[in-house]
Each structure stands twice: as structure tokens, then as C-alpha cells.
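Note sheet for the following structure.
The values are calculated or read from the model by the stated rules, or taken from the named source; none is laboratory data. Just so it is clear, the structure is predicted and the values come from calculations on it, not from any experiment. For neighbour counting, all protein chains shown are included, and Cβ atoms are generated from backbone atoms with ideal geometry for every residue, glycine included. Only protein heavy atoms, including side chains, enter the accessible area calculation; ligands, DNA and RNA are left aside. Shrake-Rupley method; radii C 1.70, N 1.55, O 1.52, S 1.80 Å.
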Amino acid sequence: MSEILLQIDGKDVKATETMTVLEAARSAGIHIPTLCHHEKLEPYGGCRLCTVEVETRGRARLVAACLFPVQPDLIVRTHTPEVDKLRKTIIELLMAHAPDSFELLDLAQEYGADRNRFDQESSFCLLCGLCVRYCNEVKQKNAIAFVDCGAKREINFIPEIASQECRDCKECFPLCPTSYLQAAYFLTEALAFPHESNAAHALTKK
Amino acid sequence: MQTANIDQIIDAHQGKPSALIHVLMEIQHVNHWLPREVLKKVSQKLEVPFNRVLQVATFYKTFSMIPKGSHEVHVCMGTTCRMRGAGELLDTVKDLIGVDVGETDADMKYSLENGSCLGCCSLGPEIIVNGKHHTRVEPSKADDVLKSYA
């Protein structure tokens, strides 16, 4: 595999052909914020927080670092006023959905985002897809699905599969940047396969 | 439900995950809706994970996960039709069928949908029943259009 030389924030970085800009930056110790990225999963490009400015042949444009492959002589800038402003807006938009997410609160502080800039429409889910993709790609259980489209899009546990697979797994729980996933799971459990999980019921039996 | 027909459609595309949307469209066409059991069968036979099938089936407006009537009635609410009086027409159709947009009447005969521009602006306002365009429909003529499908 041939080596590619590119420049990130004025620093020369060596990368291999198959890497993305995000991976190259991380290997050089340069921090790019992400939300929907996970090392074990295919890049998704859902949250756009990793947006950076790239320059090729004198032309600069904004791309998602987690998807953009490295190229020879690429110039990457991870912090420009434009990029920072964009990230701030993305954080503010996400906070309209999940105002109390710890990950978002940290990012908001870093980028000076105002959590009340947009009217709150608390769906509590950021649609980062971490749970859905982890279940599909790593566990290959396919127990969670995105349903519906546009503004109505949401995650759903599929009761038939979740009742078989989820009780002893729950590996997706710590991935969720909010707590919506847990809530969605326990709601599904309560509605679709409640018996054994109902602690109060188990106690009264004794 | 025409189980034999549906099985035939699914079997024809066995083991071909790429035919998912095609299969769902054909089933939607003959059955007017996609029952969960059918989706499970599609998932098994086409070797597509069930959550993927569910995702596709809920994503497109073409597919319905709830039972639909045998005649699909669309009333165009695009800008042109609206200016030509589609609002009044839609109200009339709602009254005639007795359901709101997105619903099906109790006899499972008519399902009512609207759309934002269904294509024939110069001939609006229009009603489309089972894909056939009825153009320049005055509210008073809506009854005749629906009756022709009775």
C-alpha cells in the first residue's frame, strides 16, 4: 500500500491509501469532533460534526472528514471560523432534539453553542444510527430499525427479534449519545415481552 | 388476501435482495397493503434482514402497512389544482367517502390520499382513481367519478 502525504492544520501527515481524513487526523493526534462515528462501524456521515475544510488545486470546500478519502497533497483545515460556525449550528440544531445529552453539552461548551437557539422539539433521538448500525454490522442481529422518513423518522426495536436477542446483549446501550435508546428498549420490552423482566411481578410471586 | 399470488411474487425473486423494492411494489399492487407476516416472508425468501424490509416499507409513501381499500383515490392539492378549486373538491370527496385523508372507508372500498401535484396542472383540478386521471372535476361531478367505480 502506497503512502500518501497530506497536510492537516499545517502539519505534514502520512497516511495510507484507504484511510479517511478523519483517520489520518486521529493518527496524527489532531482532534476532530464526531458523534455518529464508531471505529468498528462503516463511516456513516450522519451527524456532519466532523465537517472540515479541504483544499485541492487551490479550491477549498467543506466535506465530512469521516467519509472523505485522503488524497496526495490535500490540505485540510479542521478549525476555521466557517467550520466552527457550522459545527456550532449543527450542535444547536441537535440540541433542539436532545437538550440534556452530555455529549452535546460538552460540545456546546467547546463551540459556544446556545442550547435554546431553536425551539425545542424533544425527540431525544439524534438519529446518529449508532445503535442500528452496531446491531446490524457488529452483532448482526438486526434487532433495531429506522422506520418512517423525514421528520417522522425514528428508531424502533423489532419486538420479534428483540425478545430473543436483546436481554443478554444490550451492547448498544452505552453507544447512545442520549438515553433515548434505553427508553425505546424498555418501552418495547414492556409492551411486547414483559413477563420475566417485570421485577415487581417476580417479587409478588415469591 | 391473495396468498397464492403473493407467494408467487416472492418465490419469483427468491434469494435476490436487490429485488426488495420491486417485490414490495408488486405485493402492494395486488394486495393494496403489506401485512407484517408478508414482510417476514419477504425477508426470509429474499434474504434481506427484517429490519431492512421494515425500514424500506415504512420509508416510501407507496407502501402501506395498514389495510387499504380496493380503489385508491388521490385528490391533487398542487398549487394549480388548489387555485382551480381543489380544496372544495377534496372536502366534497371527503364527505362522499366519509373519511379523512390517509383513511379507508368501512367497506374497504375507497382509500383517500392527497398529493402535491400529481401531474396534470393544465387539466386541474383532478382526481386520480387507481392510476386513471379524471380531469377538470367540479365538486358536483365528484360523485359521478366515484360512482363509476362502485
Once R0 is set to 41 Å, what does the formula 1/(1 + (r/R0)^6) return for the Cβ-Cβ distance between A:ILE75 and B:SER18, expressed as a FRET efficiency to the nearest 0.05? 0.55
Within the protein assembly as shown, helix-based [θ] at 222 nm, where runs of 4 or more DSSP H residues each add -39,500 (n - 2.57), nearest 500: -10500 deg cm²/dmol
Mind giving me the nanometre distance, one decimal, between the label points for A:GLN140 and A:GLU42, set 7 Å out from Cα along Cα→Cβ? 1.5 nm
Here are some pairs, A:LYS40/A:LYS170; B:LYS16/B:LYS41; A:LYS139/B:LYS45; A:LYS152/B:LYS147; B:LYS61/B:LYS94; which of them have Cα atoms lying more than 25 Å apart in this structure? A:LYS152/B:LYS147
How many nm separate the modelled label positions at A:ALA96 and A:GLN120, each set 7 Å beyond the Cα in the direction of the Cβ? 1.5 nm
If R₀ is 30 angstrom, what is the calculated FRET efficiency for the pair B:SER122 and B:GLN2, using the beta carbon separation as r and rounding to 0.05? 0.20
Tell me the net charge near B:LEU20. Cut-off is 15 Å between Cβ atoms, B:LEU20 excluded, with +1 for each Lys or Arg and -1 for each Asp or Glu. +2
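At the nearest 100 Å², what buried accessible area, both sides summed, do you get for B and A when the probe is 1.4 Å?
900 Å²
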Which of the residues in region B:43-59 show a loss of at least 30 Å² in accessible area from their chain by itself to the complete set of protein chains, at a probe of 1.4 Å? B:PHE50, B:ASN51, B:LEU54, B:GLN55, B:THR58, B:PHE59
1.4 Å probe accessible area per residue over region A:1-156, in Å²: 53 Å²
Estimated translational D of region A:3-79 in µm²/s (Stokes, Kirkwood radius over Cα pairs; 25 °C; 0.890 mPa s): 201 µm²/s
If you plug each phi of region B:13-23 into the Karplus form 6.51 cos²θ - 1.76 cosθ + 1.60 with θ = phi - 60°, what whole-Hz ³J(HN,Hα) values come out, in order, with x for Gly and Pro? 10, 4, x, 10, x, 5, 8, 3, 5, 4, 4
Taking all protein chains in place and a 1.4 Å probe, what share, in percent, of the accessible surface of region A:130-202 do carbon and sulfur account for? 53 percent
Ignoring ligands, DNA and RNA, what percent of the 1.4 Å accessible area of chain B is carbon and sulfur? 52 percent
Placing each pseudo-label 7 Å from Cα in the direction of the beta carbon, A:LEU175 and B:MET65 end up separated by a distance in nanometres of 2.1 nm
Normalised contact order of chain A, rounded percent, pairs of Cα under 8 Å and 6 or more residues apart: 16 percent
Any idea what the alpha-carbon Rg over 2.2 N^0.38 Å comes to for the protein assembly as shown? 1.26
